[in-house]
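The following block contains the structure, expressed as structure tokens.
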Amino acid sequence: MKVQAYAAVEAKSKLTPYTYELGAIGPEQVDIKVAYCGICHSDLSMINNEWGMTQYPLVPGHEIVGEVVAAGDAVKNVKIGDKVGLGWLSASCMSCQECMDGSHHLCANNEATIVGRHGGFADYVRGHWSWAIPLPEAIDMSKAGPLLCGGITVFNPIILANVKPTDTVGVIGIGGLGHMALKFLKHWGCEVIAFSSNPTKKAQILEMGANQVINSKSPEELEQIAGKLNFILNTTNVSLDWNSYLSTLAPKGKFHTVGAVLEPMAIPAFSLIGGEKSVGGSPVGSPTLTKTMLDFCVRHEIYPTVEEFPFEKVNEAIEHLEKGKARFRVVLKK
């Protein structure tokens, strides 16, 4: 099968049309005809080789929804004609301790959709059947793509931290990840505090589910909620005054980061010890949890706020995201 795609040929280059051939399909693989594909900041990091692991030419795209058009002889759970989603991961070994325990996303030998292989800025994409997540029948496919990466990235911490409907929680950074976290936590039943340094977003942040917006650059506003939060989710990828946020945690509170902060995070030990507080982090989530999240989204009509571009305007869409203009996720449509 010949695949028409868009690829970066070197770091920081524009994407250009690129054709490649998929080899023979493996017994446990499926081919997906792409209908929509979100653009994630991880795509930008890979295009620019910020993580030092990009192989060119690179076909980005890992927030994919589409239809299964081919399946190997040993494929389970999905069949030709099914609508599925494929996220950051496209395969895992299915035999290690983590896979057998249901934590496929922690498999040491997993395969990322855009690392060492081609992703979803294309007509077709291939993956292992276990990561081709069946989409609920009632889902809006035009908005579902970002849920496969950004969505599960902020949903998984809610489960890991055992967040309760009675909790008061905080979200740092109300962008592509943070706005989805707000919507999840609102429907989880929590009182949600949003930390944002952009006052122009305040009305929209409240509309998306926050009960209160705190100016993250204001020590006075942070002091007002000292010791009140049971859980904080950081979605930013920049260094902040982490101790200021730890001071807003209640005893036994949990601070969780999904933002890829490249510098070491300065966290004073005594800020944790006195209140039995903890700090953690996580990647995406397992296939089973991803399916649970999608069902939760359909039940409560939770979708990311998206801006749609046709595939042929992929470079305009990337520039829109790079300049910080996206409100709040960008999706490419075939």
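Take every Cα pair under 8 Å in the stretch 72-129 that's 6+ residues apart, average their separations, divide by the length, and report that relative contact order as a whole percent.
36 percent
Looking at the chain as a GNM with Cα springs under 10 Å, which of GLY259, GLY189, GLY209 has the largest mean-square fluctuation?
GLY189
Using only helices, what value at 222 nm comes out for the chain when you add -39,500 (n - 2.57) per DSSP H run of length 4 or more and divide by the total residues, to the nearest 500 deg cm²/dmol?
Numbers: 11 runs with 82 residues, N = 334.
So the helix-based figure for the chain works out to -6500 deg cm²/dmol.
How much of the accessible area of the chain, in percent, comes from carbon and sulfur atoms when a 1.4 Å probe is used?
Roughly 50 percent, rounded to a whole number.
Grab the other residues whose beta carbon is less than 15 angstrom from that of LEU240, score K and R as +1, D and E as -1, and report the net.
-2
Between beta-carbons, use under 13 Å as the cut-off and find the net charge around PRO268, counting Lys and Arg +1, Asp and Glu -1.
0
Please list, short to long, the whole-number percent of alpha-carbon pairs of the stretch 39-88 in consecutive 10 angstrom bins beginning at zero.
Taking all Cα pairs of the stretch 39-88, the binned fractions are 22, 37, 25, 16 percent.
Among the aspartates and glutamates, which fall within straight-line cross-link reach of LYS33, defined as a Cα-Cα distance under 16 Å, with same-chain neighbours fewer than 8 residues apart omitted?
Candidates past the 8-residue exclusion: GLU21, GLU63, GLU67, ASP82, ASP123.
Moving to a separate point now. Give the label of the value calculated from the structure for Kirkwood radius over Cα pairs in Å, choosing from [x] 19.7; [y] 20.4; [z] 22.3.
[y]
Between ASP31, ASP73, ASP43, where does the largest GNM mean-square fluctuation fall for the chain, given springs only between Cα atoms within less than 10 Å?
ASP73
Taking only Cα atoms, what is the 0 to 90° angle, nearest 10, from helix 150-160's long axis to the longest principal axis of the chain?
50 degrees
Quick one: net charge of LYS325's neighbours, Cβ under 9 Å, K/R +1, D/E -1?
Every neighbour counted, the sum reads -1.
Using only alpha carbon pairs under 8 Å that are at least six residues apart, calculate the relative contact order of the stretch 53-156 and give it in whole percent.
Values: 163 pairs, mean separation 38.0, N = 104.
Relative CO of the stretch 53-156 lands at 37 percent.
Here's something else I'd like to know. How far apart, in nm, are two points set 7 Å out from the Cα along the Cα-to-Cβ line at GLU207 and at VAL238?
My value for the distance between the label points is 2.4 nm.
Below 18 Å, Cα to Cα, which aspartates and glutamates can LYS325 reach? Residues fewer than 8 away in the same chain don't count.
ASP43, GLU307, GLU308, GLU316
Here is a further query. Run the numbers for ILE25 and ALA11: contour at 0.36 nm per residue of separation, minus the present Cα-Cα distance, in nm.
The ILE25-ALA11 span can extend by a further 2.0 nm.
For labels at SER278 and GLU223 in the simple 7 Å Cα→Cβ model, what's the distance in nm?
Computed distance between label sites SER278 and GLU223 equals 3.2 nm.
Compute the acute angle (0 to 90°) between the alpha-carbon long axis of helix 178-188 and the principal axis of greatest extent of the alpha-carbon atoms of the chain; round to the nearest 10°.
Helix 178-188 sits roughly 70 degrees off the main axis of the chain.
Running a GNM on the chain with Cα contacts under 10 Å, which residue among GLN29, GLN212, GLN224 ends up with the highest mean-square fluctuation?
Among GLN29, GLN212, GLN224, the largest mean-square fluctuation in the Gaussian network model of the chain belongs to GLN224.
Among VAL213, VAL171, PRO57, whose Cα projects farthest towards the positive end of the dipole of the chain, with charges put on the beta-carbon of Lys, Arg (+1) and Asp, Glu (-1)?
After comparing all options, I get VAL213.
Here's another thing I want to ask about it. Compute the length gained on full extension between GLU322 and ASN48: take 0.36 nm times their separation in residues and subtract their Cα-Cα distance, giving the result in nm to one decimal. Could the numbers behind the result be given before it?
Details: separation 274, 0.36 × 274 = 98.64 nm, distance 1.14 nm.
Gain in length upon complete extension: 97.5 nm.
Moving on. I need to check one value: relative contact order of the chain, counting alpha carbon pairs closer than 8 Å and at least 6 residues apart, in percent.
After rounding, I find 17 percent.
Please list VAL171, VAL115 from largest to smallest accessible area, probe radius 1.4 Å, with all protein chains kept in place. It would help to have the intermediate numbers written out before the result.
Values: VAL171 0, VAL115 45 Å².
Sorted descending by solvent-accessible area, the residues read VAL115, VAL171.
Here's a follow-up. At a Förster radius of 25 Å, what calculated FRET efficiency corresponds to the Cβ-Cβ distance of VAL261 and ASN198, to the nearest 0.05?
About 0.85, to the nearest 0.05.
Let me ask another. Starting from the Cα of LYS254, draw a straight line to each of the lysines and keep only those under 22 Å, dropping any in the same chain fewer than 8 residues away.
LYS164, LYS183, LYS186, LYS217, LYS228, LYS277
I need the GluC sites (Glu not before Pro) found in the stretch 31-111, filtered to DSSP loop residues with at most 15 other beta carbons within 10 Å of theirs.
Values: sites: GLU50, GLU63, GLU67, GLU98, GLU111; in loops: GLU50.
Taking the stretch 31-111 and a limit of 15 other Cβ atoms within 10 Å, no loop GluC sites (Glu not before Pro) are found.
The values are calculated or read from the model by the stated rules, or taken from the named source; none is laboratory data. This one's a predicted model, so the numbers in the text were calculated from it and none came from an experiment. Neighbour counts run over all protein chains shown; Cβ positions are idealised from the backbone, glycine included. Side chains included, ligands, DNA and RNA excluded: accessible areas come from the protein's heavy atoms. Shrake-Rupley method; radii C 1.70, N 1.55, O 1.52, S 1.80 Å.
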